[in-house]
1. Residue check: is T56 modelled with pLDDT of 95 or more and polar (S, T, N, Q)?
2. Kindly indicate which of K62, K32 is at negative phi and under 16 Å from the mean Cα position of the chain (by Cα).
3. Tally time: how many residues in region 4-60 are free of Cβ contacts under 8 Å to residues at least 60 places away in the same chain, within 17 Å of F83 (Cα to Cα) and not in a strand (DSSP E or B)?
4. Starting from residues that are modelled with pLDDT of 90 or more, out of contact with any helix residue (DSSP H, G or I) (no Cβ under 7 Å at 6 or more places or on another chain) and surrounded by 12 or more Cβ atoms within 10 Å (Cβ to Cβ), keep the ones in region 61-92 and report whichever is farthest from Y15 (Cα to Cα).
Amino acid sequence: MSYKLIWKHDKGLVYGNKNYFKSKLEFLNTVKKEHKKITEYDCYVDNITLKVYVITKDGLDKNTFVPISDTDINIETMYCGNFYTLEGLSGN
């Protein structure tokens, strides 16, 4: 199975679509594995939540009424967690 994680390194956040993971634990383990593959360092992950997100690349102007069908909006259930790189700590 191909996992798509969305990394927000400047905020220390990682997102993953719920459809790609069987459980929160699988999301957690995938984040750790992919982080190590990308950075060569372990990471600590906490505050994992499961929420519904509105996703758009084009955005919407405030106070605008537009049918969703006329936008690029996707509504997705996503895991989100904080990650902390353990760079420089023993064991890495």
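The values are calculated or read from the model by the stated rules, or taken from the named source; none is laboratory data. Treat the numbers as computed from the prediction; the structure is a model and nothing was measured. Note that we place each Cβ from the backbone using ideal geometry, even for glycine, and neighbour counts take in every protein chain shown.
1. Numbers: modelled with pLDDT of 95 or more: no; polar (S, T, N, Q): yes.
In short, no.
2. K32
3. Qualifying residue count, region 4-60: 23.
4. Top of the filtered list is T71.
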